[in-house]
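To start, the structure itself, in structure tokens.
Rule-based calculations on the coordinates, nothing more; no lab input. The structure displayed is predicted, hence computed values, not measured ones. Here the Cβ is made from the backbone with ideal geometry for all residues, glycine too, and neighbour counts use every protein chain on show.
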Amino acid sequence: MRFQTRYTVKKQDGRFTEVTLWLMHIGENYNGTVFEKSVIEAAIPSLDNIPIVGYIRINSMGDLDFAGHEEDFENGEYLGSAYGVIPDRAHNNARFEKHTDKNGVEREYLCVDGILWNQFKCAKRIMERDGEKAESIELVDFDVGDYEGEEDENGLFHFTHFSFRAACILGRDYYPAMEGANIRLNFSADKFWDSVWAKCRAEYLNYVKGSENSMTIEELREKLAEQVKAYKPDGAEVPPYIFADVDTEANKVYMFDISDSFSLCSAPLTEESSIDFGQVAEDEVFLSDAYEDVVNALLEKTAAAVQSEAELTAKVEQLNDELASKAEELAELKAAEEADLKEAEYSKYSYALAGNEEYVAMKESMADMSVSDVETKCALLYARASLAQTSKSAGRLSAGMNDDAQHESGTVYLPKYGEIPVNH
């Protein structure tokens, strides 16, 4: 987990969510193209105020998610929507960083800071659910005159000049051409530490060791907690552990490991009342005992708090009211999510069926339809419209889709996004 100083739009500004993008890496990528560092550096000014785009639909797991680069090539329409922006160069903090991917390969990436607009609730929920999504750059088309390069003897296309058009958020069903390219939510290190550290330690001290009132123990706990909080190996910006407790008989200090789903671990307590961080290890035995202590402590607190059957009944009623309230909130969230799903499915056909009367009228009755009904109805209208259109052609059906294959025509290189002059 990494924390860095980010561009801050405004403290506590609920309109935006700050993100970091690993836009692209230097060198060869899966599209058979090559970007040298000097060429990328020359393109950095074109990052100013480009959109962060995406296209939302249901993924292969049945979840609402981003898709890929979605365009209607036949009509020349871009189907994705803008959900945020990369600010101008005074605020996007464009820089090169070295990162190691999941396969252990270190690459140098062009990284920038950006913001997502919180008014788009569906996109916001997806990002908050996943925290990080794959990302793919979009370049200005050749017909704008900002796309040059040459092909080498191995068939790799080396860019010599390009400009950024957008950064596209990808869903789980799509893989970026640049290994490791992603967009991720930013976290405030101070806020993260204050909230998580306080909650975990409070839970533990209140329930597990709440009966111990020895000042000596408490003073030792405070001292060890400060050591854990101050421990930042290899220049880390936040500590890797959260202090839980100390066992003076076993000479062990127990901590929560942030990088391992907050699992419990232990380290030796030295004679100088310091923690030997070099010998941190898992401690499942203590974890099991801790759970038993938690249960017993909760039972004791319940017995002390509930003095009569009337009090217990009132407590149960209160919990039932809270449960009913939560159930209502859940129902509202589910209804909102279903509305988003229907809107996303309906919007998929907004360009192809914009002039279709049934499609336009369907908007008014979507509230009474299921997601499946919306999907079926839109698909049927689209099929009818497509059939009517193709019947005007030379007696054959043609989907008019543009594949991702690359062709050569004279001295022009034809990739997905347009013609590129080739210097052989």
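Structural remarks
- In nm, spacing of pseudo-spin labels at Arg15 and Arg384 (7 Å Cα→C-beta vector): 4.3 nm
- Rounded if a/c under 1.5, otherwise prolate or oblate - the stretch 1-136, Cα gyration tensor axes: rounded
- The 3J(HN,Hα) values that the Karplus relation (6.51, -1.76, 1.60; θ = phi - 60°) gives for the stretch 223-231 are, in residue order, 5, 5, 4, 5, 5, 5, 5, 8, 6 Hz. Gly and Pro appear as x.
- Distance between the 7 Å Cα→Cβ label points at Lys363 and Glu332: 2.7 nm.
- Surrounding net charge for Asp373, when Lys and Arg each add one and Asp and Glu each subtract one, Cβ distance under 13 Å: -2
- For the stretch 326-341, putting each phi into the Karplus relation 6.51 cos²θ - 1.76 cosθ + 1.60 with θ = phi - 60° gives couplings of 5, 5, 5, 4, 5, 5, 5, 5, 5, 5, 5, 5, 5, 5, 5, 4 Hz, in residue order, rounded to whole numbers and with x for Gly and Pro.
- Asn49 versus Ser325: modelled label distance in nm, points set 7 Å from Cα along the beta carbon direction: 4.6 nm
- Anisotropy class assigned to the stretch 59-111 is oblate, per the alpha carbon gyration tensor with a/c at or over the 1.5 cut-off and a/b no larger than b/c.
- Taking amide hydrogens as placed 1.01 Å from N in the peptide plane, the amide H of Glu77 sits under 5 Å from those of Asp72, each at least 5 positions away in sequence or on another chain.
- Applying 1/(1 + (r/R0)^6) with r as the Cβ-Cβ distance of Glu271 and Lys232 and R0 = 22 angstrom yields a FRET efficiency of 0.35.
- Backbone HN-Hα couplings from phi across the stretch 130-141 [Karplus 6.51/-1.76/1.60, Hz, Gly and Pro as x]: 9, x, 8, 10, 5, 9, 9, 7, 10, 9, 5, 5
- Net charge contributed by nearby residues that have their C-beta within less than 13 Å of Asn356 (K/R +1, D/E -1): +1
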